[in-house]
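Here is the structure we will look at, set down as structure tokens.
The values are calculated or read from the model by the stated rules, or taken from the named source; none is laboratory data. For clarity, every value in this text was computed on a predicted model and none was experimentally measured. Methodologically, a virtual Cβ is constructed for each residue, glycine included, from the backbone with ideal geometry; neighbour enumeration extends over all protein chains shown.
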Amino acid sequence: MNDELKYLSRRAATGLLTRREFVGRAGALGLTAAAATTMMSSAVMAAGPQKGGTLRMGLQGGSTTDSLDPALATNQVALMLIRLWGEPLVELADDGGIDGKVAESFEASADAKTWTFTVRQGLTFSDGQEVTAADVAETLDRHAGEDTKSGALGLLRDIKDVRTDGRNVIIELNNANADLPYLMADYHLIVQPGGGKSAPDAAIGTGPYVLKEVDMGVRFVAEKNPNYWGDIGHAQTIELIVINDNTARVAALQSGQVDMIDRVPPRTAGLVARAPGITVASTSGPGHYVFIAHADTAPFDNQDLMLALKHGINRQEMVDKILFGYGSVGNDSPINSSYPMFTETEQREYDPEKAAHHFKKSGHSGSVLLRTSDNSFPGAPDAAALFQQSLAGAGIELEIKREPNDGYWSEVWNNKPFCTSYWGGRPTQDQMYTTAYLSTADWNDTRFKNEQFDQLLIAARAELDLAKRTQMYADMGAIQRDEGGLICPMFNDFIDAHNDKVAGWVENAKGFALMNSYAPVRMWVTG
Amino acid sequence: MPLIVKLLVQRIALGLLLLFLVSILIFAGTIILPGDVAQSILGQSATPEALANLRRDLGLNEPPVARYFNWLGGVLQGDLGTSLASGQDIATAIGKRLGNTMFLAFWAAIISVPLAILLGLIAVRYRERWPDKVISAVTLASISVPEFLIAYVAIFVVSVRLRWAPSVTTINDSMSLGEKLHTISLPVAVLTLVVLAHMMRMTRAAILNVMQSAYVETAELKGLRMFNIIWKHAFPNAVAPIVNVVMLNMAYLVVGVVVIEVVFTYPGMGQYLVDHVSKRDIPVVQACGLIFAAVYIGLNMIADIVSIVANPRLRHPK
């Protein structure tokens, strides 16, 4: 690289030169546009975050019926708003570890039953009040209370007692849990003044921004919180527009009305990426698309029938045709390499002969009924049709029943014995298994009840020795892969996109889409 | 004159009765929908405890008939209740959205109605010649293509390629009128294309019908200019069917633009209704349905009344 290019990219990075001018001049020096763009983005990263400006994003999932109460957040827009105005005690780090947020540090007792979180010194809410340990305790109490509607309730059942001591919050558990900090990173558990008991939807927290305009399901504007303690929150203003229509969202990015969007449809992601000045970022995560059978209900309580179905699915074909390559194959376990203590197991392949063998052995006659709907995951009816074809190759007849989107989650999922669904995944094995595969779990949507599995899960939770714990999870994975009701053909990537007016994207951050929804507060406006 | 007053009172009374019947229909419809509100609000991540708590708070354990009459009583006093899903006052929320919808419909109507009538007049003036054929071909083509396709093509050409007008038309209070008009220019253009053909064709047909009359021939023989004959002599007699079609299309602009609102991300009634339908928010769905029905019935009533006033023969039913 010659000096003139270096000089140009520095100027471009600091905003003295627009991207267009830079690419033009670099072209005059014999550089292709693509190379120039790459070079500029690395120069921008090297120059570090720029302050100020307005960052605009168009997101899917918001609705007029949403609430600002973090306990009730269920969609991407609600989560994104929480990231702007509030913070949990701790947060998932890019590498899968845990960073402090409201808590500056935390430690466990030797038996992992007592945890102490220390509230950050001098931290204030956006209304100027100081954050106390009592606020944290009240917050936990609100989400774990008897009459709560919080989505985090399931995570907090094991808490025996929460008390405060100066700036310390001491949490006593009934059973040991080495993963408690991961539970505390749940996005519902935002620390609010007085626990948010009197005004749950006031949106007062310790986040890097303060909400200024709120029009539910339409548009939100947030301004920088001048007293924010940390070094994120670079743009002065963040504007969030709810754009639920896929084509409209992509068009908004292409026409420059927003700088960042989520959920680029996999079908068109390749085309979107070709547009000048637009980067499509695919992030592998724990989310997966599944076919779930009730393992305790006929005919799916028949191990051989389940194995026939598991061998009769073509996983790679699903990744290619349903995810358009934006994903990876699954192995009938909800755990993939995005989890910290993951052990590779032998990949189950499409094998019509084995499928036919197990089907014959099962003694099942007639077709198998699968229910699906458009909203169970994008492309679910198509995936069901592919499954039908691959099973036909093994001589197994799959009958597909298309259900309406309306009421799918209440009438079909976790209700009918065999249907399509999706899981967003969780940051740790313990959470994923506890949420959906423990015998007593509320959302045990495969009705998987295995005593040995449950014992291993409880034991692993209390195990602080990493090697032993990893082995336990490997054993559990094997049990579930062979005996569970879960048929998991694919893990879907998050596909987000942003334009070149913003910089600072971090590849493969852990957690949810858009850098665990931290993209707008960690990225910055370049000019 | 008392005869007209009587007719008007009759019409309005019939309209109100219709509205009442419609409210019963809407209510029955919302009850039949599968799923329940609490489950829809909490989504996939609902625990049984959370569900039970929410259901109790929302009063879903009361019988449907009792809920209906409570609500109807409220409506008669101007209280539309509170949204089950968000806890907000429905009247306030709808007021803002209805305002937005009316704003879009108003500007689409301001452009499309005169344009359609003018094009219809021109088509009659040059009937069976090229202006007539061009106007018919273009408007019929635009009504034949699904509106979302026109919208996507418009977004691609005007927003993404030319960058003349925004594709996301989220208007807000801090915008000036000029900014708002620029923002909604694309949806207004698309809506105009969608409603134009219907009104234009009806204008053309209705006037052509009148043009066969003896008095038009007389006017021609007197040597009046063709456009004057059409505008001053034929049009007033053709007004009743034209007003009918215009009102139908205006009603469509208010109640039927859900697709356009979604494609252009416009914060109107349609989007609001869709959000609440998917959450089983019965009071809101009912309120929206009632308002839509009222708009439809009201506009049709106006069309009837204009027809009666414009055509004295209708005042003396046999």
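Results, tabulated for the structure shown:
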{"item": "Residue pairs meeting the criteria (Cβ under 9 Å; at least 6 apart or on separate chains; first on the phi > 0 side of the Ramachandran plot and within 14 Å of chain B (Cβ to nearest Cβ), in the range A:396-418; second crowded, with 16+ Cβ neighbours inside 10 Å and of a type in the set (Val, Ile, Thr))", "result": "A:ASN414/A:ILE292"}
{"item": "Residue, farthest from A:GLN121 (Cα to Cα), within the range A:163-177, restricted to residues that are touching an Asp or Glu at 6+ places or on another chain (Cβ under 9 Å) and surrounded by 20 or more Cβ atoms within 10 Å (Cβ to Cβ)", "result": "A:ALA176"}
{"item": "Failed criterion for B:SER86 (all others in (1) in a helix (DSSP H, G or I); (2) within 14 Å of another protein chain (Cβ to nearest Cβ) hold)", "result": "(1)"}
{"item": "Among (1) surrounded by fewer than 17 Cβ atoms within 10 Å (Cβ to Cβ); (2) out of contact with any His (no Cβ under 6 Å at 6 or more places or on another chain); (3) charged (D, E, K, R) - the single one A:ASP304 does not satisfy", "result": "(2)"}
{"item": "A:LYS310, sole failed condition from (1) more than 25 Å from the chain's Cα centre (by Cα); (2) surrounded by fewer than 21 Cβ atoms within 10 Å (Cβ to Cβ); (3) among the charged types (D, E, K, R); (4) more than 30 Å from A:LEU92 (Cα to Cα)", "result": "(2)"}
{"item": "Single residue of A:ILE261, A:ILE292 found to be of a type in the set (Val, Ile, Thr), buried (at least 24 other Cβ atoms within 10 Å of the Cβ), under 27 Å from A:VAL412 (Cβ atoms) and within 14 Å of chain B (Cβ to nearest Cβ)", "result": "A:ILE292"}
{"item": "Positions within the range B:209-223 being among the aliphatic types (A, V, I, L, M) and under 21 Å from B:ILE242 (Cβ atoms), in sequence order", "result": "B:VAL210, B:MET211, B:VAL216, B:ALA219"}
{"item": "Within the range A:53-98, considering residues that are under 17 Å from the mean Cα position of the chain (by Cα) and of a type in the set (D, E, K, R), the one surrounded by the fewest Cβ atoms within 10 Å (Cβ to Cβ)", "result": "A:ASP95"}
{"item": "Selection status of B:VAL255, away from chain A (no Cβ under 14 Å) and at pLDDT 90 or above", "result": "no"}
{"item": "Criterion: crowded, with 18+ Cβ neighbours inside 10 Å, in a strand (DSSP E or B) and either small (Gly, Ala, Ser) or at pLDDT below 95 (or both) - qualifying residue of A:ALA460, A:ALA497", "result": "A:ALA497"}
{"item": "Restricting the range B:20-43 to residues that are at pLDDT 85 or above and either within 12 Å of chain A (Cβ to nearest Cβ) or in contact with a helix residue (DSSP H, G or I) (Cβ under 6 Å, 6 or more places away or on another chain) (or both), the residue that is farthest from A:TRP443 (Cα to Cα)", "result": "B:VAL22"}
{"item": "Single match in A:ALA222, A:ALA252, A:ALA273 (criterion: over 22 Å from A:ASP94 (Cα atoms) and within 14 Å of chain B (Cβ to nearest Cβ))", "result": "A:ALA252"}
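Condition check ((1) out of contact with any Pro (no Cβ under 6 Å at 6 or more places or on another chain); (2) farther than 29 Å from A:GLN76 by Cβ; (3) crowded, with 22+ Cβ neighbours inside 10 Å) across all residues:
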residue	(1), (2), (3)
A:ASN450	yes, yes, no
A:GLN471	yes, yes, no
A:MET476	yes, yes, yes
A:GLU483	yes, yes, no
A:MET490	yes, no, yes
A:ALA503	yes, no, yes
